[in-house]
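Here is the structure we will look at, set down as structure tokens.
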Amino acid sequence: MESTILSNCRRLIKKEDIVYLLGDIAASKEGLSLARGIKGRKRIVWGNHDLLPLSLYNVYFPGAEFRMWYKFGDVVLTHVPVHTQELEYDGPFPPRYNIHGHVHKFTVEDDRYFNASVDVNNWGPVKLNDILSRWDSSS
């Protein structure tokens, strides 16, 4: 499984790409070492299994950004799917859509969510524009 994921990442991700890793990066130093080989500028969302010391992540992902979530426009990227009310909040800039990981093959049955887990995406990354175009065409 790990070699398939890494092979797909090597094939699909270019050095100049921005790569959002939506948590549960690795459970060991060896896993971090493997994940380090993924090209691109990394933006990492903390997952519930990202329990190694921050200093190790900084060694394996120098220059990476680490956050609990990323938001741009009406999309929020998280590890765990946000509650549906978060997508219905009547604030000034509420997200309308959620790209998430965490649930593996157990996808939230709601068109506002996109499960980016490799388990349901041919064991590899998904281009952000491909996800956004799904929502653009449904609007």
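Only helices (runs of 4 or more DSSP H) wholly contained in the stretch 1-116 count here; list those with 1 or more residues that are in contact (Cβ under 8 Å) with a residue 60 or more places away in the chain.
Values: elements: 2-12, 29-36, 54-60.
Once the helices (runs of 4 or more DSSP H) in the stretch 1-116 are filtered for at least 1 residues that are in contact (Cβ under 8 Å) with a residue 60 or more places away in the chain, what remains is 2-12.
Conditions (1) under 25 Å from D130 (Cβ atoms); (2) modelled with pLDDT of 95 or more; (3) surrounded by 15 or more Cβ atoms within 10 Å (Cβ to Cβ), marked per residue:
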residue: R10; (1), (2), (3): yes, no, no
residue: L22; (1), (2), (3): yes, yes, yes
residue: G31; (1), (2), (3): no, no, yes
residue: H49; (1), (2), (3): no, no, no
residue: N58; (1), (2), (3): no, no, no
residue: L87; (1), (2), (3): yes, no, yes
residue: D90; (1), (2), (3): no, no, no
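Search the stretch 96-105 for residues being within 16 Å of the chain's Cα centre (by Cα) and surrounded by 11 or more Cβ atoms within 10 Å (Cβ to Cβ), and hand back the single one that is farthest from L22 (Cα to Cα).
Y97
Being at pLDDT below 90, within 17 Å of V45 (Cα to Cα) and not basic (K, R) narrows it down to one residue among F72, F114; which is it?
So the residue among F72, F114 that is at pLDDT below 90, within 17 Å of V45 (Cα to Cα) and not basic (K, R) is F72.
The values are calculated or read from the model by the stated rules, or taken from the named source; none is laboratory data. In this text, all values refer to a predicted model and were calculated from it rather than measured experimentally. Backbone-built Cβ (ideal geometry, glycine too); neighbour counts: all protein chains shown.
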